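Asker: Encoded as structure tokens, here's the structure I'll be asking about.
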Amino acid sequence: MYKKVLFATDFDDVGISAAHKAKKISDENKAELILVHVVEPIPAYAYPGFAGFAEVEVSIREQAEKELKTLAERLGVDAKHCLLEFGSTKNEVLRVAQEHNVDLIVTGSHGKHGLALLLGSTANAILHGAECDVLIVRSTVA
């Protein structure tokens, strides 16, 4: 049914649970599993006078690369299927999905109560902007 599954992660506990669902779906469908993490830019205007943005951004990038590599190893995903992108999370996830002809996007959500909380702004944007199926894995953490 699915040939390419894209798992979008922010490395939190909900995302790790969703990662295992993405892996299971890709295995059951003999589909390629692609992992993506998006680093959003730090708005410089939020910290006037702070000169250390370059160091902070390098540190964030290095940490994200490390966590993506760890997740890939845990799921048995080849490094060439791990993407670290920079920009708006919703825009980058949708762009990557389109560029890689993805059939299914899987991501987690921190839904606590009701549809509005279940689908946070990023998950909602991905759901409504995607040209493929989307699976939003709800948090099982109380």
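The values are calculated or read from the model by the stated rules, or taken from the named source; none is laboratory data. These numbers were taken from a predicted model, which means no experiment stands behind them. Positions of Cβ are generated from backbone atoms using ideal geometry, with glycine treated the same way; all protein chains shown enter the neighbour counts. These area figures cover heavy atoms from the full protein model, side chains too; ligands, DNA and RNA do not enter into them. Shrake-Rupley method; radii C 1.70, N 1.55, O 1.52, S 1.80 Å.
Asker: Being within 16 Å of E99 (Cβ to Cβ) and not aromatic (F, W, Y) is the filter; apply it to the range 1-32 and report the residue that is nearest to the chain's Cα centre (by Cα).
Answerer: The initial filter retains those residues of the range 1-32 that are within 16 Å of E99 (Cβ to Cβ), namely 3-8, 32.
Keeping just the survivors that are not aromatic (F, W, Y) gives 3-6, 8, 32.
Numbers: K3: 18, K4: 15, V5: 12, L6: 8, A8: 2, E32: 16 Å.
Within the range 1-32, the match that is nearest to the chain's Cα centre (by Cα) is A8.
Asker: In the range 1-17, which residues are closer than 21 Å to R61 by Cβ and of a type in the set (D, E, K, R)?
Answerer: D10, D12
Asker: Applying the selection to the range 60-116, what residues are on the phi > 0 side of the Ramachandran plot and at pLDDT below 95?
Answerer: Listed by number, the residues that qualify are G87, G114.
Asker: Between residues in the range 94-109 that are farther than 11 Å from F7 by Cβ and free of Cβ contacts under 8 Å to residues at least 60 places away in the same chain and residues that are in a strand (DSSP E or B) and of a type in the set (A, V, I, L, M, F, W, C), which pairs lie under 9 Å by C-beta distance while being six or more apart or on different chains?
Answerer: L94/I105
Asker: Cβ contacts < 7 Å: first residue in contact (Cβ under 8 Å) with a residue 12 or more places away in the chain, restricted to the range 14-30; second residue in a loop (DSSP other than H, G, I, E, B) and open to solvent by 40 Å² or more (accessible area, probe 1.4 Å), any location; separation 6+ or different chain. Result?
Answerer: Every condition considered, the pairs that remain are V14/H110; V14/V141; S17/T140; N29/M1.
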